[in-house]
1. Can you bin the stretch B:3-53 into rounded, prolate or oblate? Criterion: square roots of the alpha carbon gyration tensor eigenvalues sorted a ≥ b ≥ c, rounded for a/c under 1.5, prolate for a/b above b/c, oblate for the rest.
2. With a/c under 1.5 counting as rounded, go ahead and sort the stretch A:153-256 into rounded, prolate or oblate using the C-alpha gyration tensor (a ≥ b ≥ c being the square roots of the eigenvalues; past the cut-off, prolate if a/b is larger than b/c, else oblate).
3. Would you calculate the volume per residue, in Å³, of the smallest convex hull containing every Cα atom of the stretch A:48-98?
4. Grab the DSSP H runs of chain A that are 4 residues or longer, score each as -39,500 (n - 2.57), total them, divide by all residues and round the 222 nm result to the nearest 500 deg cm²/dmol.
5. Tell me, A:164, A:139 in order of fewest to most beta-carbon neighbours within 10 Å?
6. Taking springs between alpha-carbon atoms closer than 10 angstrom, which of A:191, A:38, A:88 fluctuates most in the Gaussian network model of chain A?
7. Please express the shape of the stretch A:33-149 as an equivalent ellipsoid: the semi-axes are the square roots of 5 times the eigenvalues of the C-alpha gyration tensor, given largest first in whole angstrom.
8. How big is the Rg/Rh ratio for chain A, C-alpha atoms only, Rh by Kirkwood, two decimals?
């Protein structure tokens, strides 16, 4: 039951849409997942080591600042994963490629996980630092809206039985909601927030100790590879769920057709 | 080295609740996500085997 007509997008003599066929993507992703998993583990262990044993105690915040090694990577991933979802939604709506929509669906739960962690660690960091778990300032409120966007996407998709319609409805929601990402990112500039400004800037010299920055970047890379590994795994499972009757899947799962 | 002994490490300069509260929930959610993924995959593999015509 493979798609009869795949569109072609030629790039350097390779039709990019060849990899858009679930049958091609499935084994390729299966080979890549262990590598991404090991990269995430290695970088995570290195990041934790640097974060706890090399990075010094902060002058103002003491040891509580060590939450940064989870909080900032989680917050970055919460926004980045949503941008990737919006990208695949746009590709899916434009070219009608099933795999693009599958990638969007596969990313959503992991995006929600990182958003929740950003909020949770933010509360646990806010209490000792500002004296409050939560404030309705622009940064925190827009991040909470992001969590609801992830939940809304997951709920909308699971509420529609026809996968094609669920894909399109989810893609529209993902694209409309993407306006929230620049609001989150620039909220600390546009409004007077309790939340501090950006920790890392490409245009200014880093304000934190190099070892702190190193630990944070290692943890961010670990989170990135983790997100790739689990979303590829989830994409493979969604392919199995959706195309169970396809002959290659029957052979793969040991079913007899 | 930041920590004199393991007690100092777990105490986190008095911020144990906040620091370990952050790290432990992160670890729990990662484990839960991986277990859910595996269960979902096993379920579809089983389903595919039994419903094949």
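A short reminder: the numbers here are calculations on the coordinates, not readings from a lab. Quick caveat: nothing in here was measured; it's all calculated off a predicted structure. Because the Cβ atoms are built from the backbone with ideal geometry, glycine has one as well, and the counts that use them run over all protein chains shown.
1. Values: a/c = 10.31, a/b = 4.82, b/c = 2.14.
Taking the square roots of the gyration eigenvalues as a ≥ b ≥ c, the stretch B:3-53 is prolate.
2. On the way: a/c = 4.84, a/b = 1.82, b/c = 2.66.
Oblate.
3. Working: hull volume 4.3 nm³, N = 51.
Expressed per residue, the convex hull around the Cα atoms of the stretch A:48-98 is 85 Å³.
4. Numbers: 8 runs with 177 residues, N = 257.
After summing the helix terms and dividing by the residues of chain A, the value is -24000 deg cm²/dmol.
5. Numbers: A:164 11, A:139 23.
So the ranking, lowest neighbour count to highest, is A:164, A:139.
6. The residue with the greatest mean-square fluctuation here is A:191.
7. Values: eigenvalues 195, 86, 14 Å².
Semi-axis lengths for the stretch A:33-149 are 31, 21, 8 Å.
8. Working: Rg = 20.6 Å, Rh = 20.1 Å.
A ratio of 1.02.
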